[in-house]
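K.L.:
I'd like to ask you about the structure that follows.
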């Protein structure tokens, strides 16, 4: 009876990426009567954003929505305000869009100090300024003390792109190469190391940042559809993102363990706590599935940017082993990279 009751409640893991979150999203969205506008990308595709194709015009609007519950509010390399802007901007970029504006909703617990709120708002606004992003609307709510832990922010990002650009999760093609734009797992492990009670001494910082410079460096390749899919591997890490790709595109993805860039501190913290760095969230990295003809040029352009210096080609796409992600290990064996049940670290973004 206890097991049945547990299966009928929402757990923290349902909001943490991976299999359980997919189940929750399906529960919420399965009976939505209208799931797209003008036959654009909508709820069914579950990409990083939705599109609204504009009649008699060569452009389409791109919209993304997200909620930010990160704890602690201030962490090495960032804070809630910066995260709320970077997350939405990066989601728009992953759709091949040019970010234009943002709406925001601040939900604040009674008793929260104006001093702390000012720091978060200043960070939010300064990051939006760097992104040349307009803040065009929003809402503010205050919840009774004890009904919310400090503050959360929700945002909706608005961008625009050419209809000819087709960068979608189901767009991977046999022979594509997979690029990661930098080291993985920095964000999640940096937060975890600073949480109360763990006493982990490290200089590790979150990779949190805007991916605008990286995307600008390869904008011609984006325009020419040499890049078939892009994704920022947040909740669920690269394991979750790559498994989504493999399933949606009905392809196999083969990874080379030696090529995947991971900082020594990340490996050490994950080993200490029994975590898999492939499952840990990033907040300033992008995965790209690109036409092999152009992969070296794309890689070099990404490496020319400040955020992409450690970019690597980490694998390739194959028609073999559809819907599976496989890893060739450093000792010569091969293992499956499973879709995580959920992000192992709660309140990561």
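Each value in this text was obtained by applying a stated rule to the coordinates, not by laboratory testing. These numbers come from a predicted model, not from an experiment. Note that each Cβ is placed from the backbone with ideal geometry, even for glycine, and that neighbours are counted across all protein chains shown.
K.L.:
What Kirkwood Rh does region 18-163 have if only Cα atoms enter the pairwise 1/r average? Answer in Å.
P.N.:
Kirkwood radius, region 18-163: 16.6 Å.
K.L.:
What does the convex hull of the alpha-carbon atoms of region 22-75 project to on average, in nm²?
P.N.:
5.6 nm²
K.L.:
When only Cα pairs under 8 Å and 6 or more residues apart are kept, what is the percent relative contact order across the chain?
P.N.:
Rounded, it is 23 percent for the chain.
K.L.:
Based on the alpha carbons, how large is the Rg to Rh ratio for region 212-279 when Rh follows Kirkwood?
P.N.:
Answer for region 212-279: 1.04.
K.L.:
Starting from 0 in steps of 10 Å, tell me what percent of the Cα-Cα pairs of the chain lands in each bin.
P.N.:
In order of increasing distance, the bins hold 5, 25, 35, 25, 8, 1 percent.
K.L.:
Give me 282, 105 sorted ascending by neighbouring Cβ count inside 10 Å, so fewest comes first. Mind dumping the intermediate values first?
P.N.:
Working: 282 27, 105 15.
In increasing order of surrounding Cβ atoms, one gets 105, 282.
K.L.:
Using the 10 angstrom Cβ neighbour count as an exposure proxy, how do 11, 347 rank, fewest first?
P.N.:
11, 347
K.L.:
Where both partners of a DSSP beta bridge lie in the chain, what percent of those bridges are antiparallel, to the nearest 5?
P.N.:
75 percent
K.L.:
Over 19 Å apart: what share of the alpha carbon pairs of region 149-275 falls there, rounded to a whole percent? Could you put the intermediate results ahead of the total?
P.N.:
Values: 4859 of 8001 pairs.
Tail of the P(r) past 19 Å holds 61 percent of the pairs.
K.L.:
With 10 angstrom as the radius, rank 306, 201, 217 by how many other C-beta atoms surround their C-beta, starting from the fewest.
P.N.:
Numbers: 306 8, 201 5, 217 18.
Sorted ascending by nearby Cβ count, the order is 201, 306, 217.
K.L.:
How much length is gained if the chain between residue 304 and residue 44 is pulled fully straight, taking 0.36 nm per residue apart and subtracting their Cα-Cα distance, in nm to one decimal?
P.N.:
Extra length available between residue 304 and residue 44 comes to 90.0 nm.
K.L.:
Just check region 272-349 against the gyration tensor rule for me: Cα atoms, a ≥ b ≥ c as the square roots of the eigenvalues, rounded for a/c under 1.5, and otherwise prolate or oblate depending on whether a/b exceeds b/c.
P.N.:
On the way: a/c = 1.95, a/b = 1.19, b/c = 1.63.
Oblate, since a/c reaches 1.5 and b/c is not below a/b.
K.L.:
Same structure again: What three numbers, in Å, describe the spread of the alpha carbons of region 191-349 along their principal axes, ordered from the longest?
P.N.:
Result, largest extent first: 50, 35, 28 Å.
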